[in-house]
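A short worksheet on the structure shown next.
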Amino acid sequence: MKHLGTKLIETKRLILRKPKVSDADDMFNNWASSQEVAKFMSWKAQEKIDDAIELLTIWEKEAEELNKYNWLIELKEINQAIGGISVVNFDERTSCAMIGYSIGTSWWGKEIVKEALTEVIKYLFEEVGVNQVCASHDPRNPNSGKVMKKCNMHYDGTFRQTYINNQGICDEVWYSILKEDYFKEKDIWDVLYNKALSVLNPVHYNSFVEAGGVASAIQTIDGNIYLGVCIDTCSSLGMCAERNAIGNMLTHGENRIKRIIAVMSDKKVGSPCGACREMLMQLDPSNQELEILVDIDTKETIKLKDLLPAWWGENR
C-alpha cells in the first residue's frame, strides 16, 4: 500500500477534488447548513458561513498530506460543490479505509453519491492499494445503505448501540468490500464482455432477416455462462440477444441469474429492453438482485429491481 492523497477524480457528471476555502458558500448553502443532511451525522449543521470557512481552512491544509483523503463533490452541470466524500478513518494495521459521505438534499435520489463512491473505491484499491473499504449507516437511514450495496459492498452485520449521531445513541449497519472481492467482481465483467464479443457478428441473411448485431452473456448463480445473439426480422418475429441467451440457459435447466451483459454492434454495452427485463424478473424472484453492466470502462452496474421498481408481480 502507498498513500497518494486526495487525487483529482473525474466522472461523467462529477469532479472529485481537494477542498478550498473558496468553497465556503457552496458548502454552507448546498449541504452543511441543512438539518436534514446532518440528521444522521455526528457533526452539527453549520449555523453561519464562518463555520464553513473555519472547517475548509483546516481541510485545505490537510489536503496536502498524502495520508488524507477528503474530496468535495463538484457537479459539473452547475460548477458547484454539492457534498463531500472522504476516508474518515484509516487503520494502517489492516489497510482498511472507512468512508463517510454527505450531499445536499436537492441531489438526493440521483445516484450522485454512488457515482462518487464507485470511483473512490476504485482509486483506493487500484492505486493506493488498500485491503478493505468499509462504511456504516444508521438503520433509520436505509438509503445510505442502498448506496453501499449498489457499489458492491457486502453487509457485514449490525452492531447495537455502538455509535452516536444527532439522533442520539444508535445502531451501526456495516458494509465492506475486500480487495479480492473488488478485483474478482471486476474481472468477471471482462470475462463476460469478451465471451459476448466472441459471438458478436452482424450478418445480413436476406431482405427479411439480420442477426448477430447484439450479443449477450449470462452468468448464473451456479457460475455457468450462456450466450445469445439478437435476431431481427420483419413482422416483429425477432428476438433480443438477452432472451436467446435465456433460452440457452433454460435448455440446461437453470433459471437463476447473477449477471447479464449485452454488447452492441459498436462494442459498447447497454441495458435490456422492457420485454427482456420482464422475462428476467418472471424467471425467478431472486433475479431482481441480478446485476446488469451499463459501462464497460468503469464497470458500473445496476440491479434489475432498480430498472423495474414496484414490479406488478411482486405480491402475486
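Coordinate-derived values only; no laboratory data. The structure presented is a predicted model; accordingly, all values stated were derived computationally and were not measured. Here the Cβ is made from the backbone with ideal geometry for all residues, glycine too, and neighbour counts use every protein chain on show.
Summary table
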read-out: Alpha carbon centroid spacing (whole Å) that separates region 101-139 from region 242-297; value: 26 Å
read-out: FRET efficiency estimate (nearest 0.05) - Cβ-Cβ, ARG13 to ASN131, R0 25 angstrom; value: 0.25
read-out: Packing-based exposure ordering (other Cβ within 10 Å, fewest first) of SER286, SER95; value: SER286, SER95
read-out: Distance in nm between pseudo-label sites at GLN35 and TYR155 (7 Å out along the Cβ direction from Cα); value: 3.2 nm
read-out: Value of D in µm² per second that Stokes-Einstein yields for the chain, Kirkwood Rh from Cα pairs, at 25 °C (0.890 mPa s); value: 114 µm²/s
read-out: Rg(Cα) / (2.2 N^0.38 Å) computed for region 9-178, rounded to two decimals; value: 0.99
read-out: Projected label distance in nm at ASP50 and GLU185, using a 7 Å step from Cα toward the beta-carbon; value: 4.4 nm
read-out: Among TYR226, TYR155, TYR163: highest mean-square fluctuation, GNM of the chain, C-alpha pairs under 10 Å; value: TYR163
read-out: Residue exposure sequence - VAL199, VAL263 - by fewest surrounding Cβ within 10 Å; value: VAL199, VAL263
read-out: Helical contribution to [θ] at 222 nm, DSSP H n ≥ 4, -39,500 (n - 2.57), averaged over the chain, rounded to 500; value: -8000 deg cm²/dmol
read-out: Too-long pairs where the Cα-Cα distance tops 24 Å, listed order kept, from LYS76/LYS122; LYS184/LYS303; LYS2/LYS122; LYS195/LYS258; LYS2/LYS150; value: LYS2/LYS150
read-out: Top of GLY168, GLY145, GLY100 by mean-square fluctuation, Gaussian network on the chain, Cα under 10 Å; value: GLY168
read-out: Choice from ILE169, ILE246, ILE296 with maximal GNM fluctuation in the chain (Cα, 10 Å cutoff); value: ILE169
